[in-house]
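This report refers to the structure that appears directly beneath it.
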Amino acid sequence: LLDDRRYSARAYGLVLAAVEYALRETGARRHISGAELLEALCELAARRFGMLAARVMDLWGIRRSEDVGHIVFRLVEAELLSKRPQDSMADFEGRDLRAALRAKATSPEALRLDEFGRERIGLPPLR
């Protein structure tokens, strides 16, 4: 996996974490679609990195939804994930990853989480 210099090892880890996050959110061990994975990835990144989510992912090589697809299929090749015959890169094409990250990072839920995180480490509230 790491011979592909487009993506950092952390990018692979984040995508695997997003798969687990999506499965936990659905409450069942089942196949998740490309759209579900992208949604979970954006939500997880927003929770972990807040308003810096897009910048962090950019640093790790994830700039477009197609990058997520490339990572997923590399993980499939490495037998860390599995796929169905109908799964393809087309499942990841043409989605606006940056807009989705922005929406998740600025959602009331993400802002509440950020506020909780600030209080937990002794920082004053944002407002």
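Close contacts from the range 50-65, counting a first residue that is more than 12 Å from residue 97 (Cα to Cα) and a second that is of a type in the set (Gly, Ala, Ser), with Cβ to Cβ under 6 Å and a gap of 6+ residues or different chains, come to 50/105; 51/105; 60/8; 60/11; 61/8; 61/11. Of all residues in the range 68-94, those being open to solvent by 20 Å² or more (accessible area, probe 1.4 Å), within 20 Å of residue 4 (Cβ to Cβ) and assigned to a helix (DSSP H, G or I) number 7. Checked against (1) of a type outside the set (Lys, Arg); (2) free of Cβ contacts under 8 Å to residues at least 40 places away in the same chain; (3) crowded, with 21+ Cβ neighbours inside 10 Å; (4) not in a helix (DSSP H, G or I), residue 40 passes all but condition (4).
Within the range 53-66, the set of residues being in a helix (DSSP H, G or I) and open to solvent by 20 Å² or more (accessible area, probe 1.4 Å) comprises 54, 55, 56, 58, 59, 66. What are the residues in the range 66-109 that are of a type in the set (Asp, Glu) and free of Cβ contacts under 8 Å to residues at least 24 places away in the same chain, if any? If the condition is that a residue be of a type in the set (Asp, Glu) and free of Cβ contacts under 8 Å to residues at least 24 places away in the same chain, then 77, 79, 109 are the ones that fit. Does residue 33 count as small (Gly, Ala, Ser), at pLDDT 90 or above and surrounded by 15 or more Cβ atoms within 10 Å (Cβ to Cβ)? Considered against the rule, which asks whether it is small (Gly, Ala, Ser), at pLDDT 90 or above and surrounded by 15 or more Cβ atoms within 10 Å (Cβ to Cβ), residue 33 comes out as no. Take residue 22 and tell me if it is buried (at least 19 other Cβ atoms within 10 Å of the Cβ), within 24 Å of residue 107 (Cα to Cα) and not acidic (Asp, Glu). When the stated conditions are applied, residue 22 passes them.
Note on the range 1-19: residues that are open to solvent by less than 80 Å² (accessible area, probe 1.4 Å) and part of a helix (DSSP H, G or I) total 10.
The values are calculated or read from the model by the stated rules, or taken from the named source; none is laboratory data. Predicted, not measured: the structure shown is a model, and the values here were computed from it. All Cβ positions, glycine included, derive from the backbone under ideal geometry; neighbour counts span all protein chains shown. Ligands, DNA and RNA are stripped out before the accessible areas are found, and what is left, the full protein with its side chains, is counted by its heavy atoms. Shrake-Rupley method; radii C 1.70, N 1.55, O 1.52, S 1.80 Å.
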